[in-house]
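> Quick one: the structure is below, questions incoming.
Values in this text are rule-based calculations from the coordinates and carry no lab data. Just so it is clear, the structure is predicted and the values come from calculations on it, not from any experiment. A quick note on method: Cβ atoms are made from the backbone with ideal geometry, for glycine too, and the neighbour counts reach across all protein chains shown.
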Amino acid sequence: MSTFSFLATAAAEVAAEGGSEGGLGLNFDLLETNLINLVIIIGVLFFFGRKFLGKTLSERRSNIEQAIQDAEKRQKEAAASLADAQQKLAQAQAEAERIRAKGEENAQAARAAILEKAAKDVEAVRKTATQDLNADRERAIAELRERVAAMAMQRVESQLQDHLDDSAQQQLIDRSIALLGGGS
């Protein structure tokens with residue numbers, strides 16, 4: 001019993017010290033705090049902080065969900081834009097290929113037309129050259145004939161003058177006139 005009496009005395013002393021300070025109070029000194037004070041503080045924080053913390057977390061969650069929905073919407077729009085751009089790219093490539101093929105076709109047609117025209121021009125130049133050559137040859141032959149005829153006339157005249165006297169000339173003239181039908 002001595003322990004019991006010792007504890008009772010100690011409790012009385014503690015009660016006397018607490019009564020002299022003015023009653024029940026909170027001890028905020030961290031080294032001297034007791035378990036009851038901690039439980040009271042945690043209970044007050046839990047009771048009053050639960051609504052505030054719940055509301056804050058709910059708002060945060062709603063903001064995050066909205067951000068995720070916006071991101072998904074932007075992703076879908078980006079995917080649609082990408083598909084549209086890829087389709088336009090494919091169309092542009094097909095158009096470019098068609099234009100290139102048409103250009104090659106036009107180039108081949110122009111090449112064939114130029115070659116055909118060049119062949120016609122060459123043939124025309126050949127014909128012209130042949131005609132010019134033939135004309136030059138004919139002129140040269142005609143000139144040679146004239147010279148030969150002139151030379152032959154000179155030779156005949158010189159021989160006639162040497163062999164014909166005036167009476168032989170008169171007979172030759174009369175005979176030529178008779179042959180022409182102008183004689184009486």
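> Apply the Karplus curve 6.51 cos²θ - 1.76 cosθ + 1.60, θ = phi - 60°, to the phi angles in segment 97-111 and return the couplings in whole Hz, x for Gly and Pro.
Karplus-based 3J(HN,Hα) across segment 97-111 equals 5, 5, 5, 4, 5, 4, x, 5, 4, 5, 5, 5, 5, 5, 4 Hz.
> How many nm separate the modelled label positions at GLN108 and GLN161, each set 7 Å beyond the Cα in the direction of the Cβ?
Distance between label points: 8.0 nm.
> If I model a spin label as a point 7 Å beyond the Cα along the Cα-Cβ vector, how far apart are those points for ASP84 and ASN63 in nm?
Label at ASP84, label at ASN63, 3.2 nm between them.
> On to the next question. How large is ³J(HN,Hα), in whole Hz, for each residue of segment 63-70 in order, when computed from phi with the Karplus curve 6.51 cos²θ - 1.76 cosθ + 1.60 and θ = phi - 60°, using x for Gly and Pro?
Those phi angles translate into 5, 5, 4, 5, 4, 5, 5, 4 Hz.
> Going Cα to Cα from LYS102, which lysines come in below 23 Å? Please leave out same-chain ones fewer than 8 positions away.
Reachable lysines: LYS88, LYS117.
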